[in-house]
Structure formats: structure tokens, C-alpha cells
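Engineer: Input: one structure, supplied below.
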Amino acid sequence: MTNLAIIGCGNMGQYTAKALEPKVESITVFDPNIPRETLEGTPYSIAENYRDAVRNADTVMFCVPSNFISEAMQNTLPFCKKETLISGQTSRKTPEAEAFDRYISKNPESGLEFVTIHTMCNPSKSDPSKEILGIIKHNSSDSAYERAFQLYGGMSEHIEEFASVGEHDTMTANTQINTSRTFLSIASAFAEAGCFPWINGSYGSSLD
């Protein structure tokens, strides 16, 4: 079993810890933006800083917003053990991969491996085990990818494997664009008719 460190303890970080708890030996969490006393109700070890969070970790999961991933990796990766598996739970993977690659280019001897994931839902709104989980390989060894798949594969009944972060980001972007277009079309139709679901009682919801 693996020792897991989770950087970022918001909604996605807490979900990921709970989902992986049965498959790991220990979990250590750290979030510089959440007071320690707020996290003390969790059943996990609470680190005081990035170094302590990953000191014994075999796997490090970043559950921070995309615009913070570069800073979080910069502060964390230097303290990771050799061959640690690095992953993330952001919805856009390019910033994760770029931050990881910048570190590796300067520290090739670190031996870190990067295989990232994407739980494609809001865990507080739906059951993640019934939603798509993307597992994305990025210049990692086959053995590292197998480690990641064994660890993360049980998080969902619907696994989608991606050969690169580019493939993942293109697919999710197209999905979001088409969803937005659909809702805009619906909204435009209501606007033209002058009849809105939240005003007209004959509609049960906006999706009707």
C-alpha cells in the first residue's frame, strides 16, 4: 500500500482523500489556505508545511485550483522522495503538466513520475463513482501508469484513459463549449418567446 499526501483540502481534496482511504496505508493533508483547526476533524494526519506533507509520501495528489498549481508544485516537488507518483485533480491538465515539466527539466535526477486524473463532476452534487474518471498519462513509465491505474481505477465505474494531457484538455473543452452552446440556444429561444421557466408556472424547471 502507498502513503498518500494531498495538497489542497477543499471539496475535491476531501473527496479524493475519502475515495482513496481504503486503498492507502496513510493520508497526510496540507492546505496553506485553510486553518489547521478547521481540518482537525478529519481522520488524516495534518501537516504544518509542504515538506512535512510529502516527507513519507509515495503518491502526492494536488487538489488546488489550476491557477495555483504551478506555485503548489514549486513548493512541494523538491521535498518528494525519488520515484514518487505525482498526480492532480484539476479540470485542465496542461498547467499541471507544464509545472511538472519545468521542475523535471531542472531536476532530472529526482525520478518523479506524473500520471494525473480528472473526476468529471462536482463530488458534492453527484456520485463520482457513477461519473467519468479520466486517467491521463504524461511522459511516465508504463510501471508508473500501472501504479496509478491500480490506485485510482476504483474511484469510478466509468474510466476513460487519455494518452496525453492535450487529448484530455481538447475533449473536455469541446464538451464544455457544446454544453454552453446548448444552454445558450435554449436561453435565446425563451428570450425570443418572452416566456421564462422561472416566471411561467407551467414549467417544472429550466430543463423542461
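The values are calculated or read from the model by the stated rules, or taken from the named source; none is laboratory data. All of these numbers come straight from a predicted model, not from anything done at the bench. Using ideal geometry, Cβ is built from the backbone for each residue, glycine included, and neighbour counts are taken over all protein chains shown. In case anyone asks, the SASA skips ligands and DNA or RNA and just uses the protein heavy atoms, side chains included. Shrake-Rupley method; radii C 1.70, N 1.55, O 1.52, S 1.80 Å.
Engineer: Any chance you could list P(r) for region 1-81, counting all Cα-Cα pairs in 5 angstrom bins from zero, rounded to whole %?
Structural biologist: With 5 Å bins starting at 0, P(r) equals 3, 17, 31, 27, 18, 5, 0.
Engineer: While we're looking at this one, here's another question. Please give the per residue accessible area of the chain, computed with a probe of 1.4 Å over protein heavy atoms only, in Å². All intermediate terms of the calculation are to be shown ahead of the outcome.
Structural biologist: On the way: 11220 Å² over 208 residues.
Here the residues of the chain average 54 Å² of exposed surface.
Engineer: Output the relative contact order of region 49-170, whole-number percent, from Cα pairs under 8 angstrom with separation of 6+ residues. Intermediate values should be presented prior to the final figure.
Structural biologist: Details: 212 pairs, mean separation 26.4, N = 122.
Reported relative contact order: 22 percent.
Engineer: Roll a 1.4 Å probe over the protein heavy atoms and report the accessible area of residue 117 in Å², nearest 10.
Structural biologist: 0
Engineer: Moving on. Over 19 Å apart: what share of the alpha carbon pairs of region 47-172 falls there, rounded to a whole percent? Don't jump to the answer; show the numbers that get you there.
Structural biologist: Details: 3625 of 7875 pairs.
The calculated P(r) of region 47-172 puts 46 percent of pairs beyond 19 Å.
Engineer: Next question. Tell me, what % of the accessible area of region 1-159 is carbon and sulfur with a 1.4 angstrom probe?
Structural biologist: Numbers: 3600 of 7650 Å².
Heavy-atom surface of region 1-159 belonging to carbon and sulfur, 1.4 Å probe: 47 percent.
Engineer: With 28 Å as the limit, write out which pairs from 81/125; 23/106; 81/106; 106/130; 93/125 have Cα-Cα distances beyond it, or answer none. If you can, show how the numbers build up before the last one.
Structural biologist: On the way: 81/125 35 Å; 23/106 33 Å; 81/106 16 Å; 106/130 40 Å; 93/125 22 Å.
Violating the 28 Å Cα-Cα cut-off are 81/125; 23/106; 106/130.
Engineer: Sticking with this structure for a sec: If you count only protein heavy atoms and use a 1.4 Å probe, how large is the accessible surface of residue 184, to the nearest 10 Å²?
Structural biologist: Here the accessible area works out near 110 Å².
Engineer: To continue, here is another question. Which longest run of the chain has no exposed loop site in it, a site being trypsin sites (Lys or Arg not before Pro) in a DSSP loop with at most 12 other beta carbons within 10 Å, and the site itself not part of the run? Walk me through the intermediate numbers first.
Structural biologist: On the way: sites that count: 82, 125.
The longest uninterrupted stretch comes out as 126-208.
Engineer: Taking loop as defined by DSSP and a crowding limit of 16 other beta carbons within 10 Å, which GluC sites (Glu not before Pro) in region 1-72 fit?
Structural biologist: Details: sites: 25, 37, 40, 48, 71; in loops: 40, 48.
Passing both the DSSP loop test and the Cβ count: 40, 48.
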